[in-house]
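The values are calculated or read from the model by the stated rules, or taken from the named source; none is laboratory data. Quick caveat, the model's predicted, so the values are computed rather than measured. Here the Cβ positions follow ideal geometry from the backbone for every residue, glycine too, while neighbour counts run over all protein chains shown.
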């Protein structure tokens, strides 16, 4: 095995467009096996090694992938010249330290969600990646699902009209986390989806929640995100549900969408339903509300694993030096919203204003959009 110093590897040029990208996975617990499996079948990627503090988990990886290097010290992989990129699937509290070390070693980095524990840590990782000309990407898996991508297309085509609301329920029995609460574990999925679909940042966040187990983080929470265009997002997350639920409702002035990720077919259903308001009378109390009930249709979705698409995207961004869909800026904004939600949670639901960072390009305003009011 060939090794070079961290300083030398940081000065090495980026991966040649024709060369395979050497990938190592750091953390082989819950999510690491999925990352290793998908990178192993990704064209243009070569799985070099895996690191975990548990030798039994490393033995399991070795049985499935005999050629990989296994080590309990991730720094061994950072010194390996065959490793061009690392995928980090460790507890949240370790993301910043490992990602920073990997970037300083000249590696491209994919980090499991959320990117870091604080927005300041996220900014430092972004700066380090830019300084070393390396790709920093966050594992916002749902952004790469065929369903969410199809919904984004429908929104971009204005098929839904003006967006009114995003309503999500994400519940299951566990997995209880020790270093993050249910918001940082489950709500992060919906926040990244909302960011991807709406392409704009909320102006304020409100959150309430509770812990039913003494000494443990909140296991149930409700989050509301407020936007300048009168769209509102509501997220319900729960670790104490007797059944697993992954449902999203998106309402617009023209059509509405039901997205159930647990369905094997017809994950997305588009409903031609809504309301119309006639205000021929001058008296506001004379407004007439009409209900429209049209057809339902289910778009065809390709049967492709989201993590496979994400792995391909990560490799393509490394080869072509392109900004990932879920790049560092995206990860930072999600962490900022999570921080605001945590502050609101501590303040018993008081709305927390979000400073507009300008990293997200707002969607084009339409003539019939409501005029935004200052928060």
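Summary table below
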| item | result |
| --- | --- |
| Matching residues in the range 320-344 - criterion: being in a helix (DSSP H, G or I) and modelled with pLDDT under 95 | 320 |
| Output for the range 74-89, where each listed residue is part of a strand (DSSP E or B) and under 9 Å from residue 102 (Cα atoms) | 85, 86 |
| Residue in the range 130-137 that is under 19 Å from the mean Cα position of the chain (by Cα), under 25 Å from residue 323 (Cα atoms) and in a helix (DSSP H, G or I) present | no |
| Selected residue (only one of 193, 232 is outside the structural domain of residue 29 (by TED's automatic domain parsing), at pLDDT 95 or above and surrounded by fewer than 17 Cβ atoms within 10 Å (Cβ to Cβ)) | 232 |
| Residue in the range 8-24 that is in a loop (DSSP other than H, G, I, E, B), at pLDDT 95 or above, farther than 22 Å from residue 104 by Cα and in the same structural domain as residue 69 (by TED's automatic domain parsing) present | no |
| Options 175, 225: the member that is outside any helix (DSSP H, G or I) and at pLDDT below 95 | 175 |
| Every residue from the range 191-211 that is outside any strand (DSSP E or B), without any contact (Cβ under 8 Å) to a residue 60 or more places away in the chain and more than 9 Å from the chain's Cα centre (by Cα) | 194, 197, 211 |
| Filter pass, residue 136 being closer than 26 Å to residue 38 by Cα, outside the structural domain of residue 341 (by TED's automatic domain parsing) and modelled with pLDDT of 95 or more | yes |
| Tally of residues being touching a helix residue (DSSP H, G or I) at 6+ places or on another chain (Cβ under 9 Å) and touching a residue at least 40 places away in the same chain (Cβ under 8 Å) across the range 212-223 | 5 |
